[in-house]
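Peer 1: This is the structure I have questions about; it appears just below.
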Amino acid sequence: MTLFGYRLPAMSSLLLWALVWEIVGQLDLTFFVPPLSEVMVTLTSVIGTSPFLKALSETAQAFAAGVFFAVVIGIPVGILMGKSRLIDELLLPWVNMFLSAPLTALVPVLMVLFGFGMKSIIITTTLFAIWIIILNTRAGVLQINRSLVEMAHSYGASPLQAFYKIYFWAALPEILGGVRIGVIRAVKGVIIGQLLISIVGFGALFELYANNFLMAHFWAVLIVLFALAFSVSEFLAYLERRVSYYAASR
Amino acid sequence: MVMPQIKEAVDTAALPETDNAVVARSVSKTYGDVEALKNLTLEFPRGQLTSLLGPSGCGKTTLLKIIAGLLKPTSGEIEVNGKPVTGPGPDRAFVFQDFALMPWATVLRNVAFGLELRGVARSEREAIAEKYIADVGLKGFENSYPHQLSGGMRQRVGLARALSVDADVLLMDEPFSAVDEQTRRKFQEDLLNLVQHENKTFIFVTHSIEEAVYVSDQIAILLPRPSRVSEIIRPTDLRHKNTDTLRRDPEYLDIVDSIWASLRSYVE
Ligand SMILES: Nc1ncnc2c1ncn2[C@@H]1O[C@H](COP(=O)(O)OP(=O)(O)OP(=O)(O)O)[C@@H](O)[C@H]1O
Ligand SMILES: [Mg+2]
């Protein structure tokens, strides 16, 4: 981006908003927004403490497990839907429904079904992430060049070989796009799970800080969470760019 | 039923006894209520190149895919080496009009893909693939990706892939239609060499009368839906002539003209 002929550095919009934040904080307009500098100081003091590290590992585990299931279930289901009209007709209405459903409202049901522990949190995370992964994978498979499939078939590929040697790779650009959005949704899922189901991990920290009006702490944890989600999503975007060279030429 | 009339385009001397690598027996194919092929019977002599020539939409691709085992005929049957076809098999290899290369795989892996699917060990299949990559003139491009190659080079990859599985029958669906004219002529010469030196049966779909006459041992002319063989032409004599001057040869030109005469009524 350029402004008045000057090239602005990559994150300049972030810098601008950081400045606005600092000014609003210094003006002391609301207790809800402490100055960014105060948040950063809190951040450095909090980040090494054992409650924080414990919360981080609890959240990371639930998040990783939830994303893992969303990916290993979502991708094959999406491929099957793209391959088979029958399976597609059966599942598509459900996928579309869950994609736009207010999943938070389902969390109490999950608690009844799966208890108040880690299991329910992981399932919540998976439920937030999986639908967009399924839909994107399906879209990727639907646009596969027919002759690529015929090629595999004519050279004797078994259905399983066609599945992981052709369909998966041909749909990979869309799959990665779906996983990237799914991961962002999973962050939401894991926090909601940790707030509503059992108060652990970052969810517990948010609850604790919010209830005690420790806004600097609250924002500090939120920034850490944002940074983690941003890194994962940027990494996936990087992978997406790595395969984009063939997305155009399929 | 209209029987195909066999017309000897050049000489009337009896053909040497040839056995057939592929036989199509009264093959019919309907798509919904579109009758693509009706009662088509055709023999493909071993070691020779047979062209399927005909107007667009007359069912050439359909016939080729049925022979490949990619489509099931509505009735009738295909025999390859005396055995009825029930699906794709290692005795046939397909060369696709749009190349059908895996864009995420290198030339080497694309060429070795047929062998990979058969479970041939990596070092072995890559050695075989390297040989055929060199044969089609792509030495040095083993580690390139398809999007880095020109259309002509991509089709050479498709050809190398078909050759490397060492099938008896090569099925080619308009393989040269997506490449430029110069490349196409070079391909036609290479194809003639292949027919001569590889002991394989070629089934070749084309739109081009000149191309068919230039490369074929036998030309089957298909007429529009419901399609059947209207004429079989064997430009036997041409095969012994010098390919450099073939395009100026009176016999060559006569055959091209006579095919055009029988096809022109179907082309608006
Ligand atoms: N999957 C399909 N569903 C319905 N009709 C089809 C299908 N495939 C082919 N057809 C029809 O069958 C007929 C023969 O098609 P085919 O592709 O075999 O023709 P072709 O001779 O290869 O044509 P071209 O020279 O244009 O490639 C056409 O009229 C086409 O519309
Ligand atoms: Mg065709």
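The values are calculated or read from the model by the stated rules, or taken from the named source; none is laboratory data. All values derive from a computational prediction rather than experimental measurement. Every residue, glycine among them, receives a Cβ derived from its backbone with ideal geometry; neighbour counts consider all protein chains shown. Keep in mind that these areas ignore ligands, DNA and RNA; they rest on the heavy atoms of the full protein, side chains included. Shrake-Rupley method; radii C 1.70, N 1.55, O 1.52, S 1.80 Å.
Peer 1: What is the distance, in nm, between label points placed 7 Å from the Cα along the Cα-to-Cβ direction at B:SER265 and at B:SER144?
Peer 2: 4.8 nm
Peer 1: Can you classify chain A as rounded, prolate or oblate using the Cα gyration tensor, where a ≥ b ≥ c are the square roots of its eigenvalues, rounded means a/c under 1.5, and otherwise it's prolate if a/b beats b/c and oblate if not?
Peer 2: On the way: a/c = 2.78, a/b = 1.57, b/c = 1.77.
Oblate is the answer for chain A, as a/c is 1.5 or above yet b/c matches or exceeds a/b.
Peer 1: Moving on. What is the mean projected area of the alpha carbon convex hull for the protein assembly as shown, to one decimal in square nanometres?
Peer 2: On the way: hull surface 138.4 nm².
Computed as one quarter of the Cα hull surface, the answer is 34.6 nm².
Peer 1: A further question on this structure: Give the carbon-plus-sulfur fraction of the accessible surface of the range A:1-90 in %, rounded to a whole number; probe 1.4 Å, heavy atoms of protein chains only.
Peer 2: Numbers: 4530 of 6050 Å².
It is 75 percent, rounded to a whole number.
Peer 1: What nm distance separates the two modelled labels at A:THR104 and B:HIS197, each placed 7 Å from Cα along Cα→Cβ?
Peer 2: Between A:THR104 and B:HIS197, the label points sit 7.2 nm apart.
Peer 1: Which whole-number percentage describes the relative contact order of the range A:100-250, with Cα contacts under 8 Å and a sequence gap of 6 or more?
Peer 2: Working: 142 pairs, mean separation 44.9, N = 151.
Over the range A:100-250, the number comes to 30 percent.
Peer 1: Now, a different point. For chain B, with a Gaussian network of springs between Cα atoms less than 10 Å apart, report the residue from B:GLY89, B:GLY152, B:GLY47 with the top mean-square fluctuation.
Peer 2: Result: B:GLY89 has the largest fluctuation of those listed.
Peer 1: Going by amide H atoms built from the backbone, whose H comes under 5 Å of the H on B:SER144, apart from near neighbours?
Peer 2: Residues meeting the criterion, in which the H sits 1.01 Å from N, are B:VAL107, B:LEU108.
Peer 1: Summarise the accessible area of the range B:33-117 (1.4 Å probe, protein heavy atoms) by the percent that is carbon and sulfur.
Peer 2: Details: 1340 of 2730 Å².
Roughly 49 percent, rounded to a whole number.
Peer 1: Percent of Cα-Cα pairs more than 34 Å apart in chain B, please.
Peer 2: On the way: 6232 of 35778 pairs.
For chain B, the fraction of Cα-Cα distances above 34 Å is 17 percent.
Peer 1: How would you rank B:20-31, A:119-130, highest first, on the average number of other Cβ atoms within 10 Å across their residues? It would help to have the intermediate numbers written out before the result.
Peer 2: Values: B:20-31: 19.2, A:119-130: 25.8.
Final packing ranking: A:119-130, B:20-31.
Peer 1: Here is a follow-up. For the pair A and B, how large is the buried accessible area, both sides, in square angstrom to the nearest 100, if the probe is 1.4 Å?
Peer 2: Numbers: alone 14280 and 12730 Å², together 25060 Å².
By this definition, chains A and B bury close to 1900 Å².
Peer 1: State the extension gain, in nm to one decimal, for the chain segment bounded by A:LEU160 and A:LEU228, taking 0.36 nm per residue of separation less the distance between their alpha-carbons.
Peer 2: Working: separation 68, 0.36 × 68 = 24.48 nm, distance 3.57 nm.
Working it through step by step, the gained length comes to 20.9 nm.
Peer 1: Non-local amide H neighbours of B:GLN48 (under 5 Å, H modeled in plane, Pro and chain starts lacking H): which ones?
Peer 2: Amide H neighbours of B:GLN48: B:PHE202.
Peer 1: Pick out, in residue order, every one of the trypsin sites (Lys or Arg not before Pro) in the range B:198-250 that is DSSP loop and has at most 14 other C-beta atoms within 10 Å; say none if there are none. Spell out each step's value before the answer.
Peer 2: On the way: sites: B:LYS200, B:ARG228, B:ARG239, B:LYS241, B:ARG247, B:ARG248; in loops: B:LYS200, B:ARG228, B:LYS241.
Passing sites in the range B:198-250 are B:LYS241.
Peer 1: Any idea what % of Cα-Cα pairs in the range B:111-263 are farther than 19 Å?
Peer 2: Details: 6866 of 11628 pairs.
Tail of the P(r) past 19 Å holds 59 percent of the pairs.
Peer 1: How well do other chains shield peptide B:100-107, expressed as the mean number of their Cβ atoms within 10 Å of each residue Cβ? Show your work: numbers first, answer last.
Peer 2: Details: counts 10, 5, 9, 11, 11, 3, 0, 0.
That works out to 6 on average.
Peer 1: Please work out the Cα center distance from the range A:30-90 to the range A:135-151, rounded to the nearest Å.
Peer 2: 29 Å
Peer 1: Between their Cα atoms, which of B:LYS38/B:LYS241; B:LYS29/B:LYS83; A:LYS83/B:LYS60; B:LYS72/B:LYS200; A:LYS54/A:LYS188; B:LYS29/B:LYS241 are more than 31 Å away from each other? It would help to have the intermediate numbers written out before the result.
Peer 2: On the way: B:LYS38/B:LYS241 36 Å; B:LYS29/B:LYS83 20 Å; A:LYS83/B:LYS60 26 Å; B:LYS72/B:LYS200 24 Å; A:LYS54/A:LYS188 19 Å; B:LYS29/B:LYS241 38 Å.
The answer is B:LYS38/B:LYS241; B:LYS29/B:LYS241.
Peer 1: Please sort through the DSSP H helices of chain A and keep those with an alpha-carbon extent of at least 24 Å along the long axis and a Kyte-Doolittle average not below 1.0.
Peer 2: Numbers: long enough: A:50-83 (49 Å, 1.29); A:118-142 (36 Å, 1.54); A:172-196 (34 Å, 1.31); A:215-247 (47 Å, 1.15).
Those that pass (Cα extent of 24 Å or more, hydropathy at least 1.0) are A:50-83, A:118-142, A:172-196, A:215-247.
Peer 1: Something else now. Anyone know which of B:PRO73, B:PRO224, B:PRO250 comes out most mobile in the 10 Å Cα GNM of chain B?
Peer 2: Checking each option, the largest mean-square fluctuation is seen for B:PRO250.
Peer 1: Can you pull out the chymotrypsin sites (Phe, Trp or Tyr not before Pro) in the range A:153-250 that DSSP calls coil and that have at most 16 other Cβ atoms within 10 Å?
Peer 2: Working: sites: A:TYR155, A:PHE163, A:TYR164, A:TYR167, A:PHE168, A:TRP169, A:PHE202, A:PHE206, A:TYR209, A:PHE213, A:PHE218, A:TRP219, A:PHE226, A:PHE230, A:PHE235, A:TYR238, A:TYR245, A:TYR246; in loops: A:TYR155, A:PHE213.
Here the sparse-neighbourhood loop sites are A:PHE213.
Peer 1: Would you jot down the residues in the range B:139-164 that end up with at least 40 Å² less accessible area in the complete protein assembly than in the chain alone, with a 1.4 Å probe?
Peer 2: Output list: B:HIS147.
Peer 1: Another one. Please work out the FRET efficiency for the pair A:VAL24 and A:ASN212, using the Cβ-Cβ distance as r and a Förster radius of 22 Å; give the result to the nearest 0.05.
Peer 2: Working: r = 22 Å, r/R0 = 1.00.
My answer for the efficiency is 0.50.
Peer 1: Would you please calculate the Kirkwood hydrodynamic radius of the range B:17-137 over all C-alpha pairs and express it in Å, rounded to one decimal? Please report the intermediate quantities before stating the final value.
Peer 2: On the way: mean 1/r = 0.0609 Å⁻¹.
16.4 Å is the Kirkwood radius here.
Peer 1: How much accessible area per residue does the range B:160-268 have, counting only protein heavy atoms and a probe of 1.4 Å, in square angstrom? Could the numbers behind the result be given before it?
Peer 2: Working: 4650 Å² over 109 residues.
Here the residues of the range B:160-268 average 43 Å² of exposed surface.
Peer 1: Here's something else I'd like to know. Below 8 Å, C-alpha to C-alpha, sequence gap of six or more: please give me the relative contact order for the range B:76-179 in percent.
Peer 2: Details: 146 pairs, mean separation 45.0, N = 104.
Once normalised by length, the contact order is 43 percent.
Peer 1: Also, quick follow-up: Given the options B:LEU40, B:LEU149, B:LEU64, state which has the largest fluctuation in a GNM of chain B using a 10 Å cut-off (strictly under) for Cα springs.
Peer 2: Maximum fluctuation in the GNM of chain B, among the listed residues, is at B:LEU149.
Peer 1: So what does the Cα-only Debye profile of the range A:138-198 read at q = 0.12, 0.17, 0.20, 0.25 Å⁻¹, as log10 I(q)/I(0), no solvent term?
Peer 2: For the requested q values the scattering log ratios are -0.45, -0.64, -0.75, -0.95.
Peer 1: Same structure, new question: Only counting protein heavy atoms at a 1.4 Å probe, give the residues of the range A:138-154, ordered by number, whose accessible area falls by 40 Å² or more when the other protein chains are present relative to the chain alone.
Peer 2: A:SER147, A:LEU148, A:GLU150, A:MET151, A:HIS153, A:SER154
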